[in-house]
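Beneath this line is the structure, given in structure tokens, with notes to follow.
The values are calculated or read from the model by the stated rules, or taken from the named source; none is laboratory data. Here the structure is a predicted model, which is why all the values come from computation and not from measurement. Backbone-built Cβ (ideal geometry, glycine too); neighbour counts: all protein chains shown. Just so you know, the surface numbers come from the protein's heavy atoms only, side chains and all, with ligands and any DNA or RNA stripped out. Shrake-Rupley method; radii C 1.70, N 1.55, O 1.52, S 1.80 Å.
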Amino acid sequence: MRRRGPLSITPVARVYRRAEESPVRRVDARTERWREHRVRVRIEFVDAAFRALDRFGPEVSMGDIAKEAGAAKPKLYRHFEDKTDLYNAIVDRLRDTLWERMLSGVNLTDDSIAELVHRAAAEYVAVVTEHPNVFRFMLHSHFSQQARETERALVAARQSARRAAEFFAGLLPTESIDVAGIELVNYSIFGAVASATDWWLGANQREVSVMPVERFIDYLAESISALAMAHARFNGITIDPSQPLRDAFAV
């Protein structure tokens with residue numbers, strides 16, 4: 001057998017040598033702290049955006065938002081790529097807020113469908129009245145004049161429709177629920193509610209008493225119920241709105 005010289009290293013040895021020379025990568029604590037810091041600062045800027053919208057209206061500028069946050073505008077752009085990025089974050093915050101508020105204070109097991117719908121409408125309108133300019137911003141702001149920004153609001157609506165469809169499908173007693181169908185009716189409901197909200201906010205700018213809050217809540221609840229009932233009839237399903245979810249559906 002030929003003897004190897006003192007500098008000869010077998011392929012296996014090279015593998016082990018490279019493994020020894022390449023230490024396992026560890027999570028850099030500074031990198032993790034910076035990531036957490038960026039998340040926290042983005043949240044603070046979105047908070048400031050809501051305050052600035054409440055104060056200045058839907059034509060708010062990036063400078064207004066930065067000032068409300070107590071920061072220079074360059075810092076805002078370090079944490080958001082552009083207006084679209086900030087717009088997306090505001091849309092996401094509003095979507096999550098609505099979802100949490102509409103589910104708060106309801107008993108999904110025992111409350112009737114009519115009660116659930118009315119409570120959801122009431123919580124929705126409560127958020128609208130708290131932040132009317134945020135809704136105007138979503139619908140009419142100069143931030144959202146480009147097609148890709150407008151599309152982001154539609155994407156958020158589709159995601160919410162799908163999320164709600166899967167949520168309600170999980171609550172219903174039958175496994176033959178058409179999730180896509182529920183998603184469609186939810187998407188239709190979101191569109192109808194958004195259009196009604198746009199009208200209500202615009203009308204209330206001209207005449208405060210055009211439709212009182214309680215009547216608007218009742219209108220939304222009736223509209224939501226009518227769309228849901230129409231969808232159920234189309235699919236051969238009967239809904240009794242006086243019953244809780246588990247007992248309200250009959251095929």
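Label-to-label distance for residue 30 and residue 180 is 5.3 nm, based on points extended 7 Å past Cα in the beta-carbon direction.
Only protein atoms count toward the accessible area here, which uses a 1.4 Å probe; on segment 86-129, the carbon and sulfur part of that area reaches 50 percent. Ranking 138, 62 by solvent-accessible area of protein heavy atoms (1.4 Å probe, all protein chains present), from largest to smallest, gives 138, 62. Residue 78 to residue 140: FRET efficiency via 1/(1 + (r/R0)^6), r the Cβ-Cβ distance, R0 35 Å, to the nearest 0.05? The calculated FRET efficiency here is 0.80.
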